[in-house]
Amino acid sequence: MTDAHLGGRYTFPGTSLSVRRIGYGAMQLAGPGVWGPPKDPDGAVALRREAVASGVDHIDTSDFYGPHITNQIIRRALHPYPAGLVIVSKLGCRRPPDRSWQLAITPAELTSGVHDNLRNLGLETLDIVNYRAMGSGHGPQEGSIAEQVGVLADLKRQGLIRHIGLSNVTAAQIAEAQAITAIVCVQNLYNVVHRHDDALVEALARQGIAYVPFFPLGGFTPLQSSTLSSVATRLGATPMQIALAWLLQRSRSILLIPGTASLAHVRENLAVGRLNLPQDIVGELDRIAASAGAGAH
Ligand SMILES: NC(=O)c1ccc[n+]([C@@H]2O[C@H](COP(=O)([O-])OP(=O)(O)OC[C@H]3O[C@@H](n4cnc5c(N)ncnc54)[C@H](OP(=O)(O)O)[C@@H]3O)[C@@H](O)[C@H]2O)c1
């Protein structure tokens, strides 16, 4: 597929890293609950190879998915990595044997997290690492992230990380981090139903910083909306394709990382770049969040 078919290209600000706007989120490649190996490891490898062969050059991952498993599948499928493939990882969490998600934000934990990623991905340098602030649930919470961003900036100076991003953060936390180091992307929860970050999407676009929504399809509770279904029927697409197409058209700075363990869904998601939503349909989709109520908007 060409650049145009995958949403066009986007260059992370101040970097030589350029990716197609439709990428792939790797979290779903671990087993249930993002723990352990998937049911079909060979299928997971094949899926990853087909996505990249189809033009995907942006993969979002973390060593705490599995843990380690997702990165090991990426390595098995794609190493030695093709030129131009950008792998983005994240730090800030660990998975103890009870399968819970715990903070891992001390300098020692962040540093060992980088080394875990390097080892399991088979890399000497990570292209982009997001510091994932824990916040509350899947939403950000105000509070200083300076110490953690400072550690990542040190790891960047040591050559272990090329560029730094943030996840699950507020505008104030982004500004705080930018006083320490350059921030090339922000990964927060955002989709056609959950639009708390509308203003942030605009603000980051003005700075050329990539906005990479996590849960673009609703995550563990996939989006359901009669409007999505009705628009999909009229345009001959699926509701999930419409949700992704809405994000692509929402801002040129938005990059997609939908997650799936299904090859059929990978193909559907890559085909979204060919969808063009007319303005009246965009208006209809914009009303979903408003009608979903204050909790969603
Ligand atoms: N920074 C963070 O805190 C954070 C948090 C969560 C996720 N992430 C990143 O964001 C990526 C995306 O998030 P996500 O995977 O959790 O959620 P998502 O992309 O919103 O949704 C994934 C769900 O949608 C389904 N799906 C995918 N494509 C579909 C299609 N075409 N039709 C129907 N169903 C489809 C998947 O099921 P099937 O497997 O059946 O297709 C899966 O259940 C992750 O992979 C991860 O890299 C980051």
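Where a number appears in this text, it was derived from the coordinates with a stated rule and is not lab data. Computed from a predicted structure; not experimentally measured. Backbone-built Cβ (ideal geometry, glycine too); neighbour counts: all protein chains shown.
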Using only C-alpha positions, report the orientation-averaged shadow area of the convex hull of region 117-266, nm², one decimal. 10.1 nm²
Put +1 on the Cβ of every Lys and Arg and -1 on every Asp and Glu Cβ in region 162-297; which of VAL193, ILE257, GLN173 then has its Cα farthest towards the positive end of the dipole? ILE257
Relative counts (whole %) of C-alpha pair distances in region 104-171, using bins that are 5 Å wide: 4, 17, 28, 24, 16, 8, 3
Using modelled amide H (1.01 Å from N, peptide plane; none on Pro or chain starts), what sits under 5 Å from the amide H of THR238, excluding residues fewer than 5 places away? none
Restricting to DSSP H runs of at least four residues, report the calculated mean residue ellipticity at 222 nm for the chain, -39500 (n - 2.57) per run over all residues, nearest 500 deg cm²/dmol. -11500 deg cm²/dmol
With charges only on Cβ, +1 for K and R and -1 for D and E, what is the dipole size of the chain about its Cα centre, in debye, rounded to 20? 460 debye
For the chain, whose charge dipole is built from +1 on Lys and Arg Cβ atoms and -1 on Asp and Glu Cβ atoms, the candidate among MET240, VAL56, GLY25 with its Cα farthest towards the positive end is VAL56
Translational diffusion coefficient of region 1-150 at 37 °C, 0.692 mPa s, Stokes-Einstein with Kirkwood Rh over Cα pairs, in µm²/s as a whole number. 202 µm²/s
Along region 165-176, what does the Karplus equation 6.51 cos²θ - 1.76 cosθ + 1.60 (θ = phi - 60°) give for ³J(HN,Hα), rounded to whole Hz, x for Gly and Pro? x, 10, 9, 6, 10, 9, 4, 5, 5, 5, 4, 4
Amide H of PHE214: which non-local residues (sequence gap of 5 or more, or other chain) have their own amide H closer than 5 Å, using H built in the peptide plane? ASN188, LEU189, TYR190
Apply the Karplus curve 6.51 cos²θ - 1.76 cosθ + 1.60, θ = phi - 60°, to the phi angles in region 185-197 and return the couplings in whole Hz, x for Gly and Pro. 7, 10, 10, 10, 6, 6, 6, 4, 9, 9, 10, 3, 8
What is the fewest-to-most order of LYS90, LYS156 by other Cβ atoms lying within 10 Å of their Cβ? LYS156, LYS90
Calculated from backbone phi, Karplus (6.51, -1.76, 1.60) coupling profile of region 13-20 in Hz, x at Gly/Pro: x, x, 10, 9, 8, 10, 10, 6
Quick one: check the C-alpha center-to-center distance for region 55-70 versus region 220-279, whole angstrom. 21 Å
For ASN130, the residues 5 or more places away or on another chain with a placed amide H closer than 5 Å to its own amide H are SER89, LYS90, LEU91, GLY165
So if I place +1 on the C-beta of Lys and Arg and -1 on the C-beta of Asp and Glu, and nothing else carries charge, what would the dipole magnitude of region 82-183 be about its Cα centre? I want it in debye, nearest 20. 240 debye
Arranged by the count of other C-beta atoms within 10 angstrom, fewest first, what order do PHE12, PHE215 take? PHE215, PHE12
Region 218-285: Cα Rg divided by the 2.2 N^0.38 Å rule of thumb: 1.05
For region 140-189, go through all pairs of different Cα atoms, get the mean of 1/r, take its inverse, and jot down that Kirkwood value in Å. 11.0 Å
Can you give me the orientation-averaged projected area of the convex hull built on the Cα atoms of the chain, in nm²? 14.3 nm²
